[in-house]
Amino acid sequence: MARLKTYPLSEQWGILFIWMGDPAKADLSLIPDFSMTEQREGVKTVYGHHLTPAHYELVTDNLLDRTHVQFLHPLLDLGFELPENFERKYHTEQKGNVIWDYHCELNSPKLPLVSLLWPEAPDIVENYFNVRWEAPGHMLLDAGIVEMNTDRKIGSHTPGANMLTPADENSTHYFWNNCRDQNIDSEEASQGLQKGIAHTFANEDGRMVGLCAQNMETNDLLSLKPLLLPTDEAAVRARRTIAALLAEEAEEAKEMAS
């Protein structure tokens, strides 16, 4: 008789979650909520996948850092003179093992991309990018381009899922989706968004992260004593949370063995 090892598997919001550890410890209530990224009425969702030549925590560092956009992504850089009242705001908070990183740009001139997502957008908008991280590599991007002073109700809301699964010690499967609630019947907008995100990561983020990995002696970034900026707080908190969870797991395994 064949004996096969099985693993608990759950499909929610079009995403498959698999528990590779002790089946007795699989807890469906711990699966993060990605309902806002699900394909549904009034929302159009596009999808993508990349195999990135870097440890998954290095990819997490990239996805939690919003300040690199103006340096690494020319298509997303504002690239022109900003109004005097333009303002960037950011802060990070952690509740248990869940980390939220909040960024917004107030009184921002609209990017050319906005015309594809929201043709009726005003010339001055608010851009917001809020990322929720949960171990080991699940990130919800709550983002949008909205009319100023409207409690973010009027505009183009573009939430997305960023899901990281290690392929091995030095490479990562990066699965993503991105939604929009404006111009949803436009196939041009769907193709432009899908191709734009795929190009951005494959040729900009992915290349940069891969080159960083090649120049690192270890996957433990913090052991290299990097220069840290205030905007690195979310990524550092994520790394420390992972380290604490791994230490806790190792201690449990040690106690069971003894």
### Query
Among the numbered criteria (1) free of Cβ contacts under 8 Å to residues at least 40 places away in the same chain; (2) more than 16 Å from residue 53 (Cα to Cα), which single criterion is violated by residue 168?
(2)
### Task
Tally the residues that are touching a residue at least 40 places away in the same chain (Cβ under 8 Å) and either assigned to a loop (DSSP other than H, G, I, E, B) or not aliphatic (A, V, I, L, M) (or both), restricting the search to the range 121-141.
8
### Subset of the range 142-161 (residues that are open to solvent by 10 Å² or more (accessible area, probe 1.4 Å), touching a strand residue (DSSP E or B) at 6+ places or on another chain (Cβ under 8 Å) and without any contact (Cβ under 8 Å) to a residue 40 or more places away in the chain)
145, 147, 152, 153, 154, 157
### Task
For the range 171-222, enumerate the residues that are closer than 19 Å to residue 55 by Cα and among the charged types (D, E, K, R).
204, 205, 207, 217, 220
### Query
Here are 15, 31: which of them is of a type in the set (A, V, I, L, M, F, W, C), over 30 Å from residue 105 (Cα atoms) and touching a residue at least 40 places away in the same chain (Cβ under 8 Å)?
15
### Selection within the range 207-229 - open to solvent by 60 Å² or more (accessible area, probe 1.4 Å), closer than 18 Å to residue 63 by Cβ and in a helix (DSSP H, G or I)
207, 208, 211
## Note on the structure
So, first residue closer than 15 Å to residue 13 by Cβ in the range 41-53, second residue acidic (Asp, Glu) and assigned to a loop (DSSP other than H, G, I, E, B), Cβ within less than 6 Å, six or more apart or across chains; the pairs are 43/181
### Message
So, in the range 189-206, exactly how many residues are open to solvent by less than 60 Å² (accessible area, probe 1.4 Å) and over 19 Å from the mean Cα position of the chain (by Cα)?
### Response
3
### Message
Please determine whether any residue of the range 88-104 is more than 19 Å from the chain's Cα centre (by Cα), modelled with pLDDT under 95 and farther than 17 Å from residue 181 by Cα.
### Response
yes
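The values are calculated or read from the model by the stated rules, or taken from the named source; none is laboratory data. Since the structure is predicted, the reported quantities are computational estimates derived from the model, not experimental observations. No Cβ is skipped: glycine too gets one built from the backbone with ideal geometry, and neighbour counts run over all protein chains shown. Areas reflect the complete protein model, heavy atoms only, side chains present, ligands, DNA and RNA absent. Shrake-Rupley method; radii C 1.70, N 1.55, O 1.52, S 1.80 Å.
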